[in-house]
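Data first, discussion second: the structure below is written as structure tokens.
The values are calculated or read from the model by the stated rules, or taken from the named source; none is laboratory data. Here the structure is a predicted model, which means the values were calculated and not measured. With ideal geometry, Cβ positions are generated from the backbone for all residues, glycine too; neighbour counts draw on all protein chains shown.
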Amino acid sequence: MTETNSDSKWNSLEAEFRAQRLPDADVAASRFPVIPNVNPASEEDHAAAMEELAFGVRFGDYMAVADWSVEDGWHDRRVVPFGPLQLSPAAAVLHYSQEIFEGLKAFRWADGSIWTFRPGFNAARLNHSARRMAMPEIPLDDFIGSLVQMVRMDERWVPGVPNSSLYLRPFMIADEEFVGVRPAHHYKYVAIASPVGPYFKGGMSGVSIWVSTDFNRAAPGGTGDAKTGGNYASSLLPQRLAAEKGFEQVCYLDAETNTNLEELGGMNVFVVKKDGSVLTPRLTGTLLEGGTRSAIIQLLADRGIEVDQATIPLAWLVKAIEGGEVVEMFACGTAAIVTPIARLAGDGFDVTLDGDEVTGQILEELGGIQRGTIPDRHGWMYQLV
Ligand SMILES: *Cc1c(COP(=O)(O)O)cnc(C)c1O
């Protein structure tokens, strides 16, 4: 059985996002003066990159940068040619990992305009991560302005083919030259952009998941609800071990009891029952609150399906899959939107799922909203160009 904690129905980030007003794009962009790139990628090079669209290997001609210091706060906002950062080997981030990041996408619509999805959610989450990592928060207008100006300069890197986008990666690092242990006194915010095709090359074909009982992603009081590089660093060994067993992704359990489903290394999970009801692990402070997760909860609510944000014991789940009570599972995140889970295995169990009806409907609806082919009834899209 599952139990629900109803007071975590909407977590703080979604509420914060809903209360925001996003700035005018032109006004926000003007905060980031541009230094032109006199040596951009050649036409041939650009054409080859747009042909390939592999995830995260090619980048635009520009990046957005801003600096923060104790004395001056945020300053020197600019969009400059994409290129190496100058960093002291004593930079704090290289030693104690004061780093946070975000991921969102810019989509080219049929009329040539370029839009991004719920950027205010990512802004709220970056600042949530910043607070946890003792880093400075960045104003909403700077976050939005950096993305608008960079995408405007990198417009030719926004692909137009189906299921493609310009992946935007804003991040912040402690770049103070100091190896003592304390929150740094100097930080750099950077946003880069990478043209991408579908995240999982197989498209809607399901992924296989290894449920780890040897490793946990996050612990109570830890950094699991912050989007910080360290969470990913610690997931690489379990990911490699799972790959050696033939699995594509790892699902983690709660560190306290090692019995309840939490999430994958970079994606949240949903469970669909035969009766059409839907569950997702409730937010406990050890899960990362995904913007895709929140949007899916809303889209399902629109269809009259109230997602049960619940404690989901692995033992119950495996039995429910075996018994046919649970017919479908999917993982979700910005990179892939949704992807069906076809196989779930761990110590002592190995079960398969072949349902993808709800997954397919969500992919079609969310994908359509993002591409401008389905009405955006919640005002989620923000025009960049
Ligand atoms: C980024 C991330 C997600 C997905 O978040 P989205 O906002 O939906 O892209 C889920 N889990 C973890 C651990 C993440 O880092």
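Among the numbered conditions (1) in contact with a strand residue (DSSP E or B) (Cβ under 7 Å, 6 or more places away or on another chain); (2) within 12 Å of the ligand (Cβ to nearest atom), tell me where ASN216 comes up short.
Here ASN216 meets the rest and fails (2).
LEU87 versus (1) touching a strand residue (DSSP E or B) at 6+ places or on another chain (Cβ under 6 Å); (2) touching a residue at least 24 places away in the same chain (Cβ under 8 Å): which is the lone unmet condition?
(1)
Mind listing just one residue for me: the one in the stretch 30-76 that is under 23 Å from HIS186 (Cα atoms) and without any contact (Cβ under 8 Å) to a residue 60 or more places away in the chain and, of those, surrounded by the fewest Cβ atoms within 10 Å (Cβ to Cβ)?
Step one: list which residues in the stretch 30-76 are under 23 Å from HIS186 (Cα atoms), which gives 31-35, 62-76.
Pick out the ones that are also without any contact (Cβ under 8 Å) to a residue 60 or more places away in the chain and you get 33, 35, 71-72, 75-76.
Working: PRO33: 12, ILE35: 12, GLU71: 8, ASP72: 10, HIS75: 10, ASP76: 12.
Ranking the candidates gives GLU71 first.
So THR223 fits all but one of (1) away from the ligand (no atom under 16 Å from the Cβ); (2) buried (at least 19 other Cβ atoms within 10 Å of the Cβ); (3) in a loop (DSSP other than H, G, I, E, B); (4) not aromatic (Phe, Trp, Tyr); what number is the exception?
(1)
Among the residues that make up the stretch 233-247, is at least one of them surrounded by 15 or more Cβ atoms within 10 Å (Cβ to Cβ), in a loop (DSSP other than H, G, I, E, B) and among the aromatic types (Phe, Trp, Tyr)?
Yes, the stretch 233-247 has at least one match.
Take PHE121 and tell me if it is surrounded by 23 or more Cβ atoms within 10 Å (Cβ to Cβ), within 20 Å of ASP142 (Cα to Cα) and either within 16 Å of the ligand (Cβ to nearest atom) or outside the structural domain of LEU140 (by TED's automatic domain parsing) (or both).
Yes; evaluated as a whole, the condition is true for this residue.
Please state which one of GLU328, GLU263, GLU306, GLU248 is in contact with a Leu (Cβ under 8 Å, 6 or more places away or on another chain) and within 25 Å of ARG169 (Cβ to Cβ).
Being in contact with a Leu (Cβ under 8 Å, 6 or more places away or on another chain) and within 25 Å of ARG169 (Cβ to Cβ) holds for just one of GLU328, GLU263, GLU306, GLU248, which is GLU263.
Just wondering, is there one or more residues in the stretch 314-335 that are over 17 Å from ILE297 (Cβ atoms), aliphatic (A, V, I, L, M), under 23 Å from the mean Cα position of the chain (by Cα) and not assigned by TED's automatic domain parsing to the domain that holds ASP111?
yes
Show me the strands (runs of 3 or more DSSP E) found entirely inside the stretch 268-385 where at least 1 residues are more than 16 Å from the ligand (Cβ to nearest atom) and either out of contact with any strand residue (DSSP E or B) (no Cβ under 8 Å at 6 or more places or on another chain) or without any contact (Cβ under 8 Å) to a residue 12 or more places away in the chain (or both).
Correct list: 349-352.
I'd like the residue in the stretch 232-253 that is touching a residue at least 40 places away in the same chain (Cβ under 8 Å) and under 19 Å from CYS332 (Cβ atoms) and, out of all such residues, is farthest from the ligand (Cβ to nearest atom).
For the stretch 232-253, the residue satisfying everything is PHE247.
I'm trying to understand the selection: among the residues of the stretch 317-336, which are at pLDDT 95 or above and over 15 Å from VAL272 (Cβ atoms)?
Within the stretch 317-336, VAL318, LYS319, GLU322, GLY333, THR334 qualify.
Checking the conditions here, which among ALA106, ALA130 is within 16 Å of the ligand (Cβ to nearest atom), of a type in the set (A, V, I, L, M, F, W, C) and free of Cβ contacts under 8 Å to residues at least 60 places away in the same chain?
Answer to the check: ALA130.
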